[in-house]
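S.K.: Sending over a structure as structure tokens; questions will come in a sec.
The values are calculated or read from the model by the stated rules, or taken from the named source; none is laboratory data. Please read these numbers as outputs of a predicted model, since none were measured by experiment. Accessible surface areas use protein heavy atoms only, side chains included; no ligands, DNA or RNA. Shrake-Rupley method; radii C 1.70, N 1.55, O 1.52, S 1.80 Å.
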Amino acid sequence: MEPIVSNGSVFIGILTFLLVGLLVSMFKILREYERGVIFLLGRFYQVKGPGLIIVIPIVQQMVRVDLRTVVMDVPTQDVISRDNVSVRVNAVIYFRVIDAQKAIINVEDFLQATSQLAQTTLRSVLGQHELDEMLANREMLNTDIQAILDTRTDGWGIKVSNVEIKHVDLNETMIRAIARQAEAERTRRAKVIHASGEMEASAKLVEAAEKLSSEPNAILLRYLQTLTEIAGEKNSTILFPLPMDLLKGVLGKQDKKP
């Protein structure tokens, strides 16, 4: 009889241990940023959390979902722009789960699905723009990509909050071509500015000539001023003929005075 009692005690101990293990496994703790999607016999039951929740073993299963913002690098993509320039572009996207039920039920792996969708969307959107727009209007492109991703991932319970294009890499040939284009543009602007300055200067010279021609004394003073400037710059003696026409004009005006 003693072996039977001993075996019964062992059985009761094992059963007690299993019951305690089941009771302990029923209790789950979810952090503030976590939610638990509960399935009852394979069917969706409800979303629980955060805090202490109860999951009945065997009958219920739980899948944890992280609601924090995910920062995901989009691998470098080969893109051909609308003006047939080949570039390599990479980006980073910021998104988070806002509906845990959709993120688990509507898509197999929402992280992988979002990554693949971001890659194809990046190539599609950038391929519709020229190279100059990629380099100069990144904010507009970021907004367009973010809007498309946010719309397409809405059925997965995901909110795409931001998209940033990190690098647009060009080959050496294209970099040299852009450098030549920039140099030509700077040369063109310099010539335009120089021509504009010449035009303004010529207009002022014509105005000054008309003013001086009406006043012979002003011409004489300008002539003497020029001689003074030249004399100050040179250490040698310079002889200049004095135009008699200027003197005649000045003397003629003096003779007419009473």
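S.K.: Find the accessible area per residue for region 58-185; the probe is 1.4 Å, ligands and nucleic acids are left out, and the unit is Å².
M.R.: Using a 1.4 Å probe on heavy atoms only, each residue of region 58-185 averages 56 Å².
S.K.: Related question: Beyond 19 Å, how much of the Cα-Cα pair distribution for region 13-170 remains, as a whole percent?
M.R.: 61 percent
S.K.: Per the 1.4 Å probe, what fraction of the accessible area of region 40-92, in percent, lies on carbon and sulfur atoms?
M.R.: It is 54 percent, rounded to a whole number.
S.K.: Relative to the present Cα-Cα distance, how much length would full extension add between D169 and A203 at 0.36 nm per residue of separation?
M.R.: Separation in residues times 0.36 nm, less the Cα-Cα distance, equals 7.4 nm.
S.K.: Starting from a Cα-only point model with no solvent, please compute log10 I(q)/I(0) by Debye for region 67-149 at q = 0.19, 0.26 1/Å.
M.R.: -0.83, -1.31
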